[in-house]
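Nothing in this text is a laboratory measurement; each read-out follows from the coordinates by a stated rule. It should be emphasised that the depicted structure is a prediction, and the values quoted were computed from it without experimental measurement. Reconstructed Cβ throughout: ideal geometry from the backbone, glycine too, with neighbour counts over all protein chains shown.
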Amino acid sequence: MSRLIPMAGLGLMALLALPAAAADRPVRAQEWPAYTQPRAYNWNGVYVGVHAGGAFDRFEGTARKSRNELLLGGQLGYNFQMGGLVTGLEADISAGGLGKDARRAGGISADMRYVSTLKARAGFAFDRFLVYGLGGVAYGSLKASDGLVSKEKSKLGYVVGAGAEYGITDHLSAKLEYNYVSLGKQAFQFSGGRARVGVSEHLVKAGLNYRF
């Protein structure tokens, strides 16, 4: 009996020591998933696209001073991105569609058959949203008529403008763009004499680009 008492005391002390040992054990911190920053939108690469819109033509040296037309066309370009700065080159061509004359009169009349541009683009990207300015050369075909004979000539000029583009998916983007095109004046010889016809265009284009 005398041996049981010390043994019982040792057992009781061991039981009391278990909570204290557990309390001294360091508590493991809860682990949370590591934060991953969203991947920035990538504007780099070659792209092709289509566009539609309107052309608002202004003529000099003609009785009919303006003409509004629908546009259909396509573009091919390349973007290079360095941080938020995006630069690139783009070539496009737009053909005139059905138009509405602002004013009809006799004498010399004119119409734009098509216009193509080669332009440099530079702008800033805010993730999926890109704003840019542009400038370059333009080449177009101007048709003039005296009511009896029609003649067509091509002319080199310039283009300036601005636009905005939004990345819908990793490869597909939508754009809205304004171009001012000036082709200067072109001389046409008709039976009634020589006419110098000038043209400038305000182009508004909405389009889609697919980037490879």
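Treat each spin label as a single point 7 Å out from the Cα along the C-beta direction, and report the Thr169 to Asn44 distance in nm.
2.2 nm
Around Val199, which amide H atoms from residues at least 5 apart in sequence, or from another chain, sit under 5 Å from its own amide H, with H modelled in the peptide plane?
It is Glu60, Leu183, Gly184, by chain and number.
Classify region 128-212: rounded, prolate or oblate, from the alpha-carbon gyration tensor (a ≥ b ≥ c, eigenvalue square roots; a/c under 1.5 rounded; otherwise prolate if a/b is larger than b/c)?
Verdict is prolate for region 128-212.
Apply the Karplus parameterisation 6.51 cos²θ - 1.76 cosθ + 1.60, with θ equal to phi minus 60°, to every residue of region 122-132 and state each ³J(HN,Hα) to the nearest whole Hz, in sequence, with x for glycine and proline.
3J(HN,Hα) across region 122-132, in whole Hz: 8, x, 10, 9, 10, 6, 7, 10, 10, 10, 8.
I need the phi-derived Karplus couplings for region 183-195: 6.51 cos²θ - 1.76 cosθ + 1.60, θ = phi - 60°, integer Hz, Gly and Pro marked x.
10, x, 10, 10, 8, 10, 9, 10, 4, x, x, 9, 10
Pull up the cross-link candidates among the lysines for Lys155, meaning alpha carbon to alpha carbon under 25 Å and not fewer than 8 places away within one chain.
Answer for Lys155, where 25 Å is the Cα cut-off: Lys65, Lys100, Lys119, Lys143, Lys185, Lys205, listed by chain and number.
Scan around Phe190 for amide H atoms under 5 Å from its own, H built in the peptide plane at 1.01 Å from N, and keep only partners 5 or more places away or cross-chain.
Ala195
Would you mind checking which residues have amide H under 5 Å from Gly74's amide H? H placed 1.01 Å from N; only 5 or more apart, or other chain.
When sequence neighbours closer than 5 places are left aside, the close amide H contacts are His51, Ile93.
Give the Rg/Rh ratio for region 48-211, taking Rg as the radius of gyration of the Cα atoms and Rh as the Kirkwood radius, to two decimals.
Rounded to two decimals, Rg/Rh equals 1.06.
Points 7 angstrom from Cα along the Cβ direction at Thr87 and Tyr178: gap in nanometres?
2.5 nm
Per residue of region 52-59, in order, report the coupling 6.51 cos²θ - 1.76 cosθ + 1.60 (Karplus, θ = phi - 60°) as ³J(HN,Hα) in whole Hz, putting x for Gly and Pro.
9, x, x, 10, 10, 8, 10, 10
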